[in-house]
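Take a look at the structure set out below.
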Amino acid sequence: MIPATCDRLLQDVRTKEGPWEHPHPRPGMLLLRQVLVKTAAKWDPPQPGFVAVDLVTHEGSVAGGEYACTLDVTDVVTGWTETRAVRNKSQEYVFATLRGIRGDLPFPLLGIHSDNGSEFMNGHLIHTCHQQHITKARSRPYRKNDNCFVEQKNWSIVRKTVWYLRYDTEKEVGLMNKICQSLRLFTNFFLPVMQLTHKTRQGAKVTRSYDAPCSPYERVLVSPCITKEAKEALRAQYQHLDPVAFHDTFLEDERH
């Protein structure tokens, strides 16, 4: 069946349905041209502080109305990941949450890489990055692999913890943030990850090599760019952490 025949047969159905609107508004092209486009192959940050950010929506199977989202921030060099739940995807909530996450990072924020959503591509955030000398970069449209460092965390951390249900109340947002406080400590201090060192291609075969698994906390300690004061604070915090207690906290929050 050719496309013209499909359009003719579905004409009655389309007239009954309301006009389709994209749930994610797009910023203007003039604003997009002000931000550098960077792919995953071009990511070569010299030190921790260059983060990839993304917004994970929790609309369930219904995209209408207001629903909660999770802001996912992942450092490219160390894999340090911070997650926070926000009331909706407006730039006001996202910017305030991103500013709070910046204060919790064990290193200064040097660069932000995001997709082309209006929650990140807006004049307020871009002006703030320029004013505070923070590098702002974006992915190519419809190319999730350009932001692969945070996209993989969306599943392994966010989705595996809160799944695909709908959360749209203040109580649920507060409970998600309570989980995020324990989750950030468990993933950053105890969860080992591997990072791709290089890959070689021989015809159609691609061979990837990874480094030894270690936690983001251990990667921060061996980085020469992190101050001694920040490392000592992390060591002191690590001495008081118990991974078994985190597991009990997750079970208690799930019962609520």
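The values are calculated or read from the model by the stated rules, or taken from the named source; none is laboratory data. Model, not experiment: these values are computed from the prediction. As a convention, Cβ positions derive from the backbone with ideal geometry for all residues, glycine included, and neighbour counts pool all protein chains shown.
Structure above, values below:
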| quantity | calculated |
| --- | --- |
| Count of residues meeting criterion [exposed (fewer than 15 other Cβ atoms within 10 Å of the Cβ) and either of a type outside the set (V, I, T) or part of a helix (DSSP H, G or I) (or both)] in region 179-213 | 17 |
| Top-ranked residue in region 1-44 [being among the β-branched types (V, I, T) and assigned to a helix (DSSP H, G or I); ranked as modelled with the highest pLDDT] | T5 |
| Residue list for region 216-240, restricted to those being in a loop (DSSP other than H, G, I, E, B) and in contact with a helix residue (DSSP H, G or I) (Cβ under 6 Å, 6 or more places away or on another chain) | I226 |
| Of the criteria (1) surrounded by fewer than 19 Cβ atoms within 10 Å (Cβ to Cβ); (2) more than 22 Å from H58 (Cα to Cα); (3) touching a helix residue (DSSP H, G or I) at 6+ places or on another chain (Cβ under 7 Å); (4) not basic (K, R), which one D146 fails | (1) |
| Given (1) modelled with pLDDT of 90 or more; (2) surrounded by 13 or more Cβ atoms within 10 Å (Cβ to Cβ); (3) within 30 Å of Q132 (Cα to Cα), index of the condition Q47 fails | (1) |
| Which numbered condition T83 misses (of (1) of a type outside the set (A, V, I, L, M, F, W, C); (2) more than 21 Å from V173 (Cα to Cα); (3) at pLDDT 90 or above; (4) touching a Cys at 6+ places or on another chain (Cβ under 7 Å)) | (2) |
| Region 50-77, residues that are assigned to a loop (DSSP other than H, G, I, E, B), modelled with pLDDT of 85 or more and either surrounded by 17 or more Cβ atoms within 10 Å (Cβ to Cβ) or not acidic (D, E) (or both) | H58, G60, G65, Y67, A68, V76, V77 |
| The one condition in (1) in contact with a Phe, Trp or Tyr (Cβ under 9 Å, 6 or more places away or on another chain); (2) over 29 Å from V62 (Cβ atoms) that L175 fails to fulfil | (2) |
| Residue list for region 110-154, restricted to those being among the charged types (D, E, K, R) and not in a strand (DSSP E or B) | D115, E119, R140, R143, K144, D146, E151, K153 |
